[in-house]
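Inspection log for the structure reproduced underneath, given as structure tokens.
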Amino acid sequence: MLAALGAGPSPAREARALVIGRTLGFLCHLAGWSAPMYGAGRLESRNIREYEAAARYAEASGNPELVDCLLTMAEVEWEHERYFRSKVEGRFLARLLGLWPQPPPKETIRTAGPAAEAMARSVA
């Protein structure tokens, strides 16, 4: 997608992702799997909203052909968030820190709000 838009990955964001990934990997050895699962779940939750926003931006920028793919990626992130949430629910770390807000049902990614409006316009 980025290449088609004449862009590429942001070096700063790639570096940030590398640091986060390495940190979560290191925490696996230090604190078991709960901390990395918790961190990954929080990230996936945020990713859902980021892909929905990207779909809105794609539509607004005159790139409706990207909307379906971006919403599909939001749905995949929703599945990832659900997996990680299931792994940390009821664990000490989740009780200590509290769980991140649960995202709305997966179906709302395509049926509610601006992302759905963008999707409807891109199909029309």
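Add +1 for every Lys or Arg and -1 for every Asp or Glu among the other residues with Cβ under 14 Å from the Cβ of L93, and state the total.
Working: positive: R42, R85, K87, R91, R95; negative: E89.
Combined, the nearby Lys, Arg, Asp and Glu give +4.
Using 0.36 nm per residue, how much length does the chain from L93 to V76 gain when fully extended, once their Cα-Cα distance is taken away? Walk me through the intermediate numbers first.
Values: separation 17, 0.36 × 17 = 6.12 nm, distance 2.50 nm.
Here the answer is 3.6 nm.
May I ask for the net charge around W78, where only other residues with Cβ less than 15 Å from the Cβ of W78 are counted and Lys, Arg are +1 while Asp, Glu are -1? Display every interim value, and only then the final one.
Values: positive: R42, R46, R49, R82, R85, K106, R110; negative: E44, E50, E52, E75, E77, E79, E81, E107.
So the surrounding residues net to -1.
For the chain, what is the relative contact order in percent, using Cα pairs closer than 8 Å and at least 6 residues apart in sequence?
Working: 113 pairs, mean separation 33.5, N = 124.
Value for the chain: 27 percent.
Within the chain, what's the longest run with no GluC sites (Glu not before Pro) in a DSSP loop and at most 13 other beta-carbon atoms within 10 Å? Give the range, please.
Working: sites that count: E89, E107.
Result for the longest clean stretch: 1-88.
Ordered by residue, what ³J(HN,Hα) values in Hz, to whole numbers, does the stretch 24-36 give under the Karplus form 6.51 cos²θ - 1.76 cosθ + 1.60, where θ = phi - 60° and Gly and Pro are x?
For the stretch 24-36, the Karplus-derived couplings read 5, x, 5, 4, 4, 6, 8, 10, x, 8, 4, 5, x Hz, x marking Gly and Pro.
With the chain treated as a Gaussian network of Cα nodes joined by springs under 10 Å, which of P11, P36, P64 yields the largest mean-square fluctuation?
P11
So which trypsin sites (Lys or Arg not before Pro) in the stretch 1-86 are both in a DSSP loop and have at most 15 other Cβ atoms within 10 Å of their Cβ? Don't jump to the answer; show the numbers that get you there.
Details: sites: R13, R16, R22, R42, R46, R49, R56, R82, R85; in loops: none.
Nothing satisfies the criteria.
How charged is the neighbourhood of E107? Take every other residue with its Cβ under 14 Å from the Cβ of E107, and add Lys/Arg as +1 and Asp/Glu as -1. Mind dumping the intermediate values first?
Values: positive: R82, K106, R110; negative: E52, E75, E79.
So the environment of E107 carries a net charge of 0.
What FRET efficiency comes out for E14 versus E50 if R0 is 22 angstrom and r is the Cβ-Cβ distance? Round to the nearest 0.05. Walk me through the numbers on the way to the answer.
Values: r = 15 Å, r/R0 = 0.69.
Using R0 = 22 Å, I get an efficiency of 0.90.
Compute the orientation-averaged projected area for the chain from the convex hull of its Cα atoms and round it to one decimal in nm². Can you show the working numbers first?
Working: hull surface 33.7 nm².
Mean orientational projected area (the chain, Cα hull): 8.4 nm².
Please give the helix 67-88 orientation as an angle from the longest Cα principal axis of the chain, in degrees from 0 to 90, rounded to the nearest 10.
Its long axis makes an angle of about 10 degrees.
All of the numbers you see were taken from the coordinates with simple rules; none came from a lab. Not measured: the values here are computed from a predicted model. Heads up, the Cβs are rebuilt from the backbone with ideal geometry, glycines too, and the neighbour counts pull from every protein chain shown.
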